[in-house]
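Remarks on the structure that follows.
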Amino acid sequence: MRAAIVDTGPLVAFLDRAERNHRCVIARIEELNPPLLVCEPVLAETMHLLARFPGAQNALFGLLENGALRVAFSVDEHIVALRKLHQKYRDRPMSLADACIVRMAEIYEQHAVLTLDSDFSVYRKHGRVPIAIISPLES
């Protein structure tokens, strides 16, 4: 089993049964060690994307309460590093959530990133090191 940092896409797919990647994400999450690490920008994006699904939003709070998800990053402690990442990848453009996840991958070296976002194959931690990615779509 692996430890992971989770991006917005897999969280939305996990919580929305109608999402096309729902089953793939559930299967992949079952292979991972809890807790999955998140940052607040990922939670904000997830809540926004699930705005029409109050039950799914409530389930997200439940995952935080029961420890399946753990907020493991504070933006205000990493502003300089986040700005550097945002500037480096401005051609993508990089969201705040993505910058936080890249920074988390630098901090939590043993964690891979669970994502549906292909930009993570371009992003690098510590400037040049590829980020270990877990794609729910690959078995």
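Quick rundown of the values:
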| read-out | value |
| --- | --- |
| 1.4 Å probe accessible area per residue over region 1-55, in Å² | 55 Å² |
| Under the Karplus curve 6.51 cos²θ - 1.76 cosθ + 1.60, θ = phi - 60°, whole-Hz ³J(HN,Hα) for region 121-129, x wherever Gly or Pro sits | 7, 9, 4, 10, 9, 6, x, 9, 8 |
| Stokes-Einstein D in µm²/s, Kirkwood radius over Cα pairs - the chain at 37 °C with 0.692 mPa s viscosity | 218 µm²/s |
| Cα long-axis angle, helix 79-88 against the chain (0 to 90 degrees, to the nearest 10) | 80 degrees |
| Lys, Arg +1 and Asp, Glu -1 on Cβ, resulting dipole of region 1-101 about Cα centre, debye, nearest 20 | 300 debye |
| Candidates per trypsin sites (Lys or Arg not before Pro) in region 97-133, loop by DSSP, up to 10 other Cβ within 10 Å | Arg128 |
| Beta bridge orientation in the chain: antiparallel %, DSSP, nearest 5 | 15 percent |
| Ellipticity estimate at 222 nm from DSSP helix runs (n ≥ 4, -39,500 (n - 2.57)) divided over the chain, nearest 500 | -12500 deg cm²/dmol |
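The values are calculated or read from the model by the stated rules, or taken from the named source; none is laboratory data. The structure displayed is predicted, hence computed values, not measured ones. Heads up, the Cβs are rebuilt from the backbone with ideal geometry, glycines too, and the neighbour counts pull from every protein chain shown. For the accessible areas, the whole protein counts, side chains as well, though only heavy atoms, and no ligand, DNA or RNA atoms are used. Shrake-Rupley method; radii C 1.70, N 1.55, O 1.52, S 1.80 Å.
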